[in-house]
1. Suppose we keep only residues that are among the small types (Gly, Ala, Ser) and assigned to a loop (DSSP other than H, G, I, E, B) within the range 82-103. Which one would you say is modelled with the lowest pLDDT?
2. Can you find a residue in the range 158-165 that is without any contact (Cβ under 8 Å) to a residue 40 or more places away in the chain, in a loop (DSSP other than H, G, I, E, B) and not assigned by TED's automatic domain parsing to the domain that holds Asp25?
3. Does the range 212-224 contain any residue that is part of a helix (DSSP H, G or I) and under 24 Å from the mean Cα position of the chain (by Cα)?
4. Would you call Ser166 within 13 Å of Leu242 (Cα to Cα) and under 22 Å from the mean Cα position of the chain (by Cα)?
5. In the range 90-115, which residue that is among the hydroxyl-bearing types (Ser, Thr, Tyr) and farther than 22 Å from Asp17 by Cβ is surrounded by the fewest Cβ atoms within 10 Å (Cβ to Cβ)?
6. Does the range 28-50 contain any residue that is in contact with a Pro (Cβ under 9 Å, 6 or more places away or on another chain) and either at pLDDT 95 or above or closer than 20 Å to Ile148 by Cα (or both)?
7. Go over the candidates Ile213, Ile194, Ile170 one by one and state the one that is in contact with a Ser or Thr (Cβ under 6 Å, 6 or more places away or on another chain) and aliphatic (A, V, I, L, M).
8. Of the conditions (1) free of Cβ contacts under 8 Å to residues at least 24 places away in the same chain; (2) assigned to a loop (DSSP other than H, G, I, E, B), Ala73 satisfies every one except a single condition; which number is it?
Amino acid sequence: MTYSTLMVHLDLGVSNDGLLHIAADLAARFNAHVIGIAACQPLQVNYGDGYMCGDLIEQDRLEISRETTQAEADFRAALHGIASRLEWRSTVLPSSLATYVAEQAGAADLLIVGPEEKGLTRDFSRRVNVGELVMQVARPVLLVPPGINQLNLENVVVGWKATRESRRAISDALPLLKLAGHVTVLEIAATEEITEAHNRLKDVVDWLARHGIAAEPMTAVSQGDDAAELDAIAQEKGAGLLVAGAYGHSRLREWMLGGVTRDLMLHPARCALVSH
């Protein structure tokens, strides 16, 4: 298994240097085709404003065009001569950006995006709703926090649960796990479930071994905040990548995410590969 096609989502009007550095690194490692993608919604204005409304619409159109042109130029400059082939996709649309990107990601094996940064206004007309995207995309998503421009695979932690999401995530991560220096498969479980967790992890590390990946099983007793404990163990291990299943469900058109998933979306301390 490999990633023959990568897709990297670029936000408009901001620096995407970290995403592009990591996309370039992975493109070189896997000799991959890379698709750059950007999208936004047009300015929503009240037509009762007459002439001023027309001015605002034109200014918004020009700004979107300028920012899209810059994003494409940055994409091509960062990956020129590295990817086996480059492709660019962009659009302005009135509907969900997450739905558009998820549909386009059917052309890729791995989607690379930035997280929803803590403390920023969640304007989903210019920024993709990452939680919604992860739930829809049916592809593994590599989340790259701001300020990180290298995917450190020296130590990788896999957060394990006996669920289809975890099984999907570890399978989707195989190309990266094969490059890892050390892999830890961690399950956080209640005290009475620790023995069962040990048995489950034995099956997982044996499966990885058959793929040529040596992994260390590890269990920890849940203290009530699995997200914080997972982060603490990943930090202790010096993990540059966390692999985990993404959990959520829709309610009144909003995505309600589980604690671990929510922290990966909003408070990332390191790169994370998530699958739903």
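The values are calculated or read from the model by the stated rules, or taken from the named source; none is laboratory data. Small disclaimer: the values here were computed from a predicted structure and weren't measured. Note: ideal-geometry Cβ built from the backbone for every residue, glycine included; neighbour counts use all protein chains shown.
1. In this case the residue turns out to be Ser95.
2. Yes, the range 158-165 contains at least one residue that is without any contact (Cβ under 8 Å) to a residue 40 or more places away in the chain, in a loop (DSSP other than H, G, I, E, B) and not assigned by TED's automatic domain parsing to the domain that holds Asp25.
3. Within the range 212-224, not a single residue is part of a helix (DSSP H, G or I) and under 24 Å from the mean Cα position of the chain (by Cα).
4. When the stated conditions are applied, Ser166 passes them.
5. Ser95
6. There is at least one residue in the range 28-50 that is in contact with a Pro (Cβ under 9 Å, 6 or more places away or on another chain) and either at pLDDT 95 or above or closer than 20 Å to Ile148 by Cα (or both).
7. It is Ile194.
8. Failed condition: (2).
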